[in-house]
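A quick write-up on the structure given underneath.
The values are calculated or read from the model by the stated rules, or taken from the named source; none is laboratory data. A quick note: this is a predicted structure, and the numbers were derived from the prediction, not measured. Glycine also receives a Cβ, built like all others from the backbone with ideal geometry; neighbour counts cover every protein chain displayed. Only protein heavy atoms, including side chains, enter the accessible area calculation; ligands, DNA and RNA are left aside. Shrake-Rupley method; radii C 1.70, N 1.55, O 1.52, S 1.80 Å.
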Amino acid sequence: MEEILRLLNPISLLNSKERTITEEFVLVVYFILILVIVYKTFVLSFDRISPPADNSVRYNRRRVTRILFVVVGAVSLLPVIFSGLSYLPTVMGLAGAGIVISLKDITLNYVGWLLIHGSNGFEVGDRIEIEGIKGDVVNIGINRFTLMELSPDPRSEQSTNRLVHLPNHTIILHKVYVVKEKMGFVWDEFRIKIPHSENWEAAEKLLNGILKNSSIIDQHKIDYSVRELSKNYLVRLGTTTPIVYMTVEEGGVLFSLRYLTHIKEKRNQKARISREVLKEFAEAGIKIL
């Protein structure tokens, strides 16, 4: 009973010069619990004193605070663990064995973390595709990063509301497709077919007018993003203005509307164009197949 009471008293354990492995373990548990309580109290108090402007500010603030607490806690814990010098060889031996066993994956995860934060990596908010999984990056940790999964259906690319956790070394072993949040414009196409008997010239004119409508496609925003992209990458996108292609096919005339759209607005953009096409073609009396 006296031994149990001694284990439950962190002050007694801390003052002891010769501690057993069990006492060292209990002391570390106490230390971690205190660190977690201090962290939670600090975060809640800071949020109350200085409320974050939005969720992204809250996320970045808590992420930085968490990393600082882990670093400070680890540094503070070392003297506590190694204060019992008689157990130093045992602790070092166990630590060495653990490092040897897990060295490969941990090292690769750290290397992956450095690559992610490099100039050719990605950040929270970017949309990436890796190992056939597509999603928006919602968190980047030292050992793994997390995606908000998107539907594999290319016609929608809507969120499935499932989180996918991937180890950082995944980016070393697999190809990664990245669309930057700040410059996330991609080419998309909208196709429409009309009968041969319809006035194709009028249809082409209407489609060009729809794509040049600033309320549908903001060309100034696209041009700005392309200029920002060219600061870090040698890219030649050529024409960035929307184009209407026409092809004569069996059964009708096919129009392909090619335009740049933000990766997260593809479906909404296509819906806006669809509404305008239906409206304009109905007023002009042009049938759609």
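Structure above, values below:
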| quantity | calculated |
| --- | --- |
| S50, sole failed condition from (1) modelled with pLDDT under 75; (2) open to solvent by less than 70 Å² (accessible area, probe 1.4 Å); (3) of a type in the set (G, A, S) | (1) |
| Any hit, segment 209-221, residues being in a loop (DSSP other than H, G, I, E, B), open to solvent by 70 Å² or more (accessible area, probe 1.4 Å) and at pLDDT below 75 | yes |
| Search result, residues across segment 238-283 that are more than 38 Å from the chain's Cα centre (by Cα), in a helix (DSSP H, G or I) and surrounded by fewer than 14 Cβ atoms within 10 Å (Cβ to Cβ) | A282, E283 |
| Unique residue being open to solvent by less than 30 Å² (accessible area, probe 1.4 Å), at pLDDT below 90, acidic (D, E) and within 24 Å of E265 (Cα to Cα) when the list is E131, E181, E157 | E157 |
